[in-house]
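What follows is a short report on a single structure.
The values are calculated or read from the model by the stated rules, or taken from the named source; none is laboratory data. The structure displayed is predicted, hence computed values, not measured ones. Here the Cβ is made from the backbone with ideal geometry for all residues, glycine too, and neighbour counts use every protein chain on show. Note: accessible area is taken over every heavy atom of the protein model, side chains too, but ligands, DNA and RNA are not part of it. Shrake-Rupley method; radii C 1.70, N 1.55, O 1.52, S 1.80 Å.
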Amino acid sequence: MGVEIAGDIKEDFKDKVVTLIHPHDQLIDKKIPDSMQKLVKDRLTKLGVVTILGERVTNMKEVMQNDKATVQTDKQKSITADLVIPATGLKIHTSAYSNTPLNEKMESNGQLRVNEFMQVEGFENIFAVGDCNNVPERKLGMLAVNQGSNAAVNILAHANGKALTKYSQGRAPFTVCIGRTGGATQLPFWGLVVGDWMTTKIKANDVCLGVVWKSMGQTPPK
């Protein structure tokens, strides 16, 4: 998220100094190959984004209470900024169910344990899809849509006393957009990594809004 936001701001506002601070040496998922890691770093460098790797912000709570702030890192670096955007990654919002009987079906990271039909274990009339379930596949929007479609079919089937359909785990491209005209993508077959042109075609051009409008049977406004 932080990588994409930094790229988007820098491409549209070239006169702004954009600094991206990351606590690790790699900017994206460690499971992603080095070739894609390099494409991401190179793209940010090309746009002029300043990257500070291997350092963690230590005063985020204080920073978020002020319009302008000086960000401090754990390596005694200070960066004064007009705007600070926290983008600390995926955190499951469990408040909807953590104080309910579903609490007993949570993994240590907050994900709900589901069966092959997307039903929460022990609750045949409760389904969980997307980030909040423990299906062992990459948490991507495209796959969440697939899970949601499967759950919708099964909710209707359950209500009508019919057999449920097992969810078949899918594959989708892992795309990191860095600005409107580039980024990096790992395709779901052979682990193939591609750069700016393909990433723009897949997502960067309209961040998949066209696909969303089409799925709803609607025409995007002009």
Report summary line: Checked pairs for the stretch 124-137, first farther than 24 Å from LYS162 by Cα and open to solvent by 40 Å² or more (accessible area, probe 1.4 Å), second of a type in the set (Val, Ile, Thr) and assigned to a loop (DSSP other than H, G, I, E, B), C-beta under 7 Å and 6 or more apart or across chains, list as ASP131/ILE92
Report task. Identify, by number, the condition in (1) more than 21 Å from LYS14 (Cα to Cα); (2) open to solvent by less than 40 Å² (accessible area, probe 1.4 Å); (3) in a helix (DSSP H, G or I); (4) not hydroxyl-bearing (Ser, Thr, Tyr) that ILE32 doesn't meet. Result -> (3)
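Please specify each residue of the stretch 163-185 satisfying the condition of being closer than 20 Å to ILE9 by Cβ and surrounded by fewer than 16 Cβ atoms within 10 Å (Cβ to Cβ). Lay out the reasoning, then the answer.
Kept after step one, since they are closer than 20 Å to ILE9 by Cβ, are these residues of the stretch 163-185: 175-184.
The answer is ARG180, and nothing else.
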Report summary line: So the helices (runs of 4 or more DSSP H) completely within the stretch 122-222 holding 1 or more residues that are of a type in the set (S, T, N, Q) and within 17 Å of the chain's Cα centre (by Cα) are 141-159, 196-199
Query raised in the report: Quick one: ASN59 ticks every box in (1) free of Cβ contacts under 8 Å to residues at least 12 places away in the same chain; (2) more than 29 Å from ASN205 (Cα to Cα); (3) open to solvent by less than 60 Å² (accessible area, probe 1.4 Å) bar one, so which box is it?
Result: (1)
**Report entry** Residue list for the stretch 35-56, restricted to those being in contact with a helix residue (DSSP H, G or I) (Cβ under 9 Å, 6 or more places away or on another chain), in a loop (DSSP other than H, G, I, E, B) and either at negative phi or open to solvent by 60 Å² or more (accessible area, probe 1.4 Å) (or both)
**Finding:** VAL49
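Give the number of residues within the stretch 76-103 that are open to solvent by less than 50 Å² (accessible area, probe 1.4 Å) and more than 30 Å from GLU121 (Cβ to Cβ).
Number of matching residues: 4.
Provide a single number: the residues in the stretch 186-222 that are free of Cβ contacts under 8 Å to residues at least 60 places away in the same chain and either touching a helix residue (DSSP H, G or I) at 6+ places or on another chain (Cβ under 6 Å) or crowded, with 17+ Cβ neighbours inside 10 Å (or both). Can you show your working first?
First, the residues of the stretch 186-222 that are free of Cβ contacts under 8 Å to residues at least 60 places away in the same chain: 187-190, 192, 194, 197-207, 209-214, 216-222.
Right, trim to either touching a helix residue (DSSP H, G or I) at 6+ places or on another chain (Cβ under 6 Å) or crowded, with 17+ Cβ neighbours inside 10 Å (or both) and you get 194, 198-200, 202-204, 220.
Residues that pass the stated criteria total 8.
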Requested in this report: Check the stretch 212-219 and report whether any residue there is modelled with pLDDT under 90, among the charged types (D, E, K, R) and closer than 27 Å to ALA151 by Cβ.
Outcome: yes
